[in-house]
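*Asks:* Have a look at this one.
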Amino acid sequence: MDRLERNRLERLAQTLEKGKKITTMSLIELGWNERLSALFEPYRSGGLSPARVVAQHRGAYTVAGDMGELRAGVSGRFRHEAAGPAAYPTVGDWIALEPSGRRRGIIHAVLERSTAFVRKTAGALTEAQVVATNIDTVFLVVGLDGDFNLRRIERYLTAAWDSGASPVIVLNKSDLRDDLAGLVAEVESIAAGAPVVAVSARDGSNLDALRAHISPGGTAALLGSSGAGKSTLINRLLGEDRQATGPVRESDSRGRHVTSRRELIALPGGGLLIDTPGMRELQLWTEEESLGRTFEDIEEIAARCRFADCRHKEEPGCAIREALANRSLDPARFESYLKQRRELRHLELKKDVQARRQSEKAVGRKMAALMKDVKMRKPNYW
């Protein structure tokens, strides 16, 4: 065991059972490791310090490291060179920071992310929105009330597999259901191997099963719809009412956006949890490989079709149509698969169009600069 790893484990062992505040945590307790140390090496000579983004709200960042907690913004050069909104820091990111006095700092770089949960921004823009980064586990929180929806779980799973983190489906509000075992089995049938944990944030039942997926020094993120009970779950895990909570509508069990910012929270006994605002919708920003991970059963059936390019419509020897006919494949699940696949292919087309436009603009800017240079160098004979 090397010195850095030994020190990391010793620090984690010293974490109090009551937990620590982010302001008093060391880099190692925040998740620093050998990989990050190697990535940061080019910035050491410039007098920069490593830190982690622990909160984000409307373009402002709170970061933490060995210097404590600071307020920070990105440098002008970072802003100029950023490829787009997805390149900007978000909660969970490790950064190269220049402390600038008065508990403030300037962010010069974001270290390469090990994992990232990404969705498409709402609306017509073809842009990625990074929700949380450098996470080991994604808790996909679903309320077992009027908000329960298998198709939504499939959508969240596709994005979670694409993130690189390990998804865990959390069925909250288990105290509301008498048919809990049947619901868990139903979700497990579409979970593609992801663990399914039924809990109740209201009465605290089965929270130990949730804690088992949060390792000391590891980072998990809570994601789900508004009203699923994420803030109440966090309060239960913390043992105190730190996060604001709110009621849900009786008509559809949807809640208001009580959580307004993303935040990294230290849990008792070690481990970190990223709280995020509830999502009204989740538009996918993933690769088709992740879709195949969510719908492994459908892809396995499709592999038995007579023709490799089978469209599952009128072709003879179609295994999908046979499975639909004998009810071994749920038609609603197959339609969910087709819907996500259409969405991802449409997204790829939009990305291609956007890339062409950006390329054309870049060529245009280069030509304009070249013409300007030629004009300036051209001798004046008059």
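*Asks:* What are the residues whose amide H is under 5 Å from the amide H of Glu263, where those residues sit 5 or more places off or on another chain and H is modelled from the backbone?
*Replies:* Asp275
*Asks:* Stretch Ala181-Glu314 to full length: gain in nm at 0.36 nm per residue minus the Cα-Cα span?
*Replies:* The Ala181-Glu314 span can extend by a further 44.0 nm.
*Asks:* Give me the percent of Cα-Cα pairs in region 116-275 that sit more than 30 Å apart, rounded to a whole number.
*Replies:* 9
*Asks:* While we're here: How far is it, in nm, from the label point at Glu240 to the one at Arg327 when both lie 7 Å from their Cα along the line to the Cβ?
*Replies:* It works out to 5.4 nm between the two label points.
*Asks:* Which of the aspartates and glutamates could be linked to Lys351 by a straight reach, that is with a Cα gap under 15 Å, when you skip same-chain ones fewer than 8 residues away?
*Replies:* By straight Cα distance, Lys351 reaches Glu127, Glu287, Glu288, Glu343, Glu360.
*Asks:* Same structure again: What are the GluC sites (Glu not before Pro) within region 17-82 that DSSP puts in a loop, where the Cβ has at most 12 other Cβ atoms within 10 Å?
*Replies:* For GluC sites (Glu not before Pro) across region 17-82 that sit outside H, G, I, E and B with at most 12 neighbouring Cβ atoms in 10 Å, the list reads Glu17.
*Asks:* Out of the trypsin sites (Lys or Arg not before Pro) in region 16-90, which ones are loop residues according to DSSP with at most 14 other C-beta atoms within 10 Å?
*Replies:* Qualifying residues, ordered by number: Lys18, Lys21, Arg58.
*Asks:* If one computes the Cα centroid of region 42-74 and of region 108-166, what distance in Å separates the two points?
*Replies:* 23
*Asks:* How high is the relative contact order of region 99-198, in percent, counting Cα pairs under 8 Å that sit 6 or more residues apart?
*Replies:* 24 percent.
*Asks:* Want the number for Ser26 to Arg341: 0.36 nm per residue separation, take away the alpha-carbon distance, what's left?
*Replies:* 109.0 nm
*Asks:* Considering only DSSP states other than H, G, I, E and B, which trypsin sites (Lys or Arg not before Pro) in region 90-185 qualify as loop sites with at most 12 other Cβ atoms within 10 Å?
*Replies:* Within region 90-185, the qualifying trypsin sites (Lys or Arg not before Pro) (loop, at most 12 other Cβ atoms within 10 Å) are Arg102, Arg103.
*Asks:* Could you check the spin-label model distance between Leu207 and Ala124? Points 7 Å from the Cα along Cα→Cβ, value in nm.
*Replies:* Each label point is offset 7 Å from its Cα along the Cβ direction, giving 4.7 nm.
*Asks:* Related question: How much length would be gained if the chain were fully extended between Lys351 and Glu287, taking 0.36 nm per residue of separation minus their Cα-Cα distance, in nm to one decimal?
*Replies:* Gain on stretching Lys351 to Glu287: 21.8 nm.
*Asks:* Next question. For region 113-166, what relative contact order do you get, as a whole percent, if you take Cα pairs closer than 8 Å and at least 6 residues apart?
*Replies:* Answer for region 113-166 is 42 percent.
*Asks:* Tell me, Leu329, Leu370, Leu291 in order of fewest to most beta-carbon neighbours within 10 Å?
*Replies:* Going from sparsest to densest Cβ surroundings: Leu370, Leu329, Leu291.
*Asks:* Let me ask something else about it. For Asn149 and Arg306, what does the FRET efficiency come to when R0 = 41 Å and r is the distance between their Cβ atoms, rounded to the nearest 0.05?
*Replies:* That gives a FRET efficiency of 0.75.
*Asks:* Would you order Phe307, Phe78 from fewest to most other beta-carbon atoms within 10 Å of each residue's own beta-carbon?
*Replies:* Phe307, Phe78
Read the figures in this text as sums done on the coordinates, not as results from a lab. Bear in mind that the values here come from a model prediction, so they are computed numbers and not experimental data. Quick reminder, even Gly has a Cβ in these numbers, built from the backbone with ideal geometry, and neighbours come from all protein chains shown.
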